[in-house]
Amino acid sequence: MLEFIADHWRAGVEILILWIGLYQVYRAFRKTRGARILVGLVLLLMVLSLLSLALNLQVIWWLLFKVLALMAIALIIIFQPELRNALARLGSSKLFSFSQSQRHELLGTFSNAVGQLSKKRIGALFAFERSISLKEHLDTGVELDALFTPEFALTVFHPKTALHDGGMIIIQGRVAGAGCVFPVSSRELADRSTGLRHRAAIGITEETDCVAVVVSEETGQISLCVDGKLERNLSEDDFRERIEEIFIPQEDKHEERAEEELAGEDSDANRGRGDLVPD
């Protein structure tokens, strides 16, 4: 065993370095929409290579070997936006800086803002970025870096402002852009009265894993869209509960309830001890 380790330790170090490098590349690319296409192409090449070697398919192997360099150049050109965004994200230290407390605060503020927009019947469209980057859609609007507040949302979506027709993108708890153009779903919908904002919410959630929220301008109706599925006519309480289910894991909710129960027990115990103390 010692002789084997002494003879092959360099190979182990090389495998470890390659594994770390590939994992970091995967982490950088998994937030891009093109990552799925890239993974599909890599799997296709691997399957064809294994088949050609196992079955001795010399023509296919020759073609794969000849076009491999050309395909590498083509992939760089095709995925140029994703490469730029992924490399920029690779050196970023803010990937997972959105803490749990900030998430709670943002969801409360956001629910309040949606409720106000609904009561005033001001049309609005929001998109929360999750694992797939919305940079492509962010480039279609006006890039911002602002704290989300109900007043800010009411100002942006006021009918007489320049950015009210587009969508607002929220990334890591901050407003990253407004007036953004979202892809409109082209699939046939059962409800033909579905407006353009709702179709845009369905479209962007079909292409990415973001969460879209729509406030109807005509009725003030609140809608939530995830994975291309539209949930309409939500009350303020239902909307708050639904969006917390999406962004706050159930384990965190259980911990919060346990902490609240413990805090309530402590306060009851303190009140009980206070009754025993004489004046």
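Please treat every number below as a calculation from the coordinates, not as lab data. The shown structure was predicted, so the numbers you read here are calculated from the model rather than taken from an experiment. Positions of Cβ are backbone-derived with ideal geometry, glycine not excepted, and every protein chain shown enters the neighbour counts.
Mind running the shape call on the stretch 100-248? Use the C-alpha gyration tensor, a ≥ b ≥ c as the square roots of the eigenvalues: rounded below 1.5 for a/c, prolate if a/b tops b/c, oblate otherwise.
The shape class here is rounded.
Any idea how far apart K120 and M46 come out in nm if each label point goes 7 Å out from Cα toward Cβ?
Placing both labels 7 Å along Cα→Cβ, they lie 5.2 nm apart.
Only loop residues by DSSP count here, and only those with at most 11 other Cβ atoms within 10 Å; note down the GluC sites (Glu not before Pro) in the stretch 127-191 that meet that.
Numbers: sites: E129, E136, E143, E151, E188; in loops: E129, E188.
When the GluC sites (Glu not before Pro) of the stretch 127-191 are filtered for loop state and at most 11 Cβ neighbours within 10 Å, E188 remain.
Efficiency by 1/(1 + (r/R0)^6): what FRET value for D238 and I77, r their Cβ-Cβ distance, R0 = 41 Å, to the nearest 0.05?
The formula returns an efficiency of 0.30 here.
With a cut-off of at most 15 other beta carbons within 10 Å, and DSSP calling the residue loop, which trypsin sites (Lys or Arg not before Pro) in the stretch 95-156 qualify? Please list them.
Sites meeting the loop and neighbour criteria: R121.
Could you give the nm distance between label points at T161 and F65, where each point is 7 Å from its Cα heading toward the beta carbon?
6.2
Once you have the Cα-Cα distance between T219 and V184, take 0.36 nm times their residue separation minus that, and quote the gain in nm to one decimal.
10.5 nm
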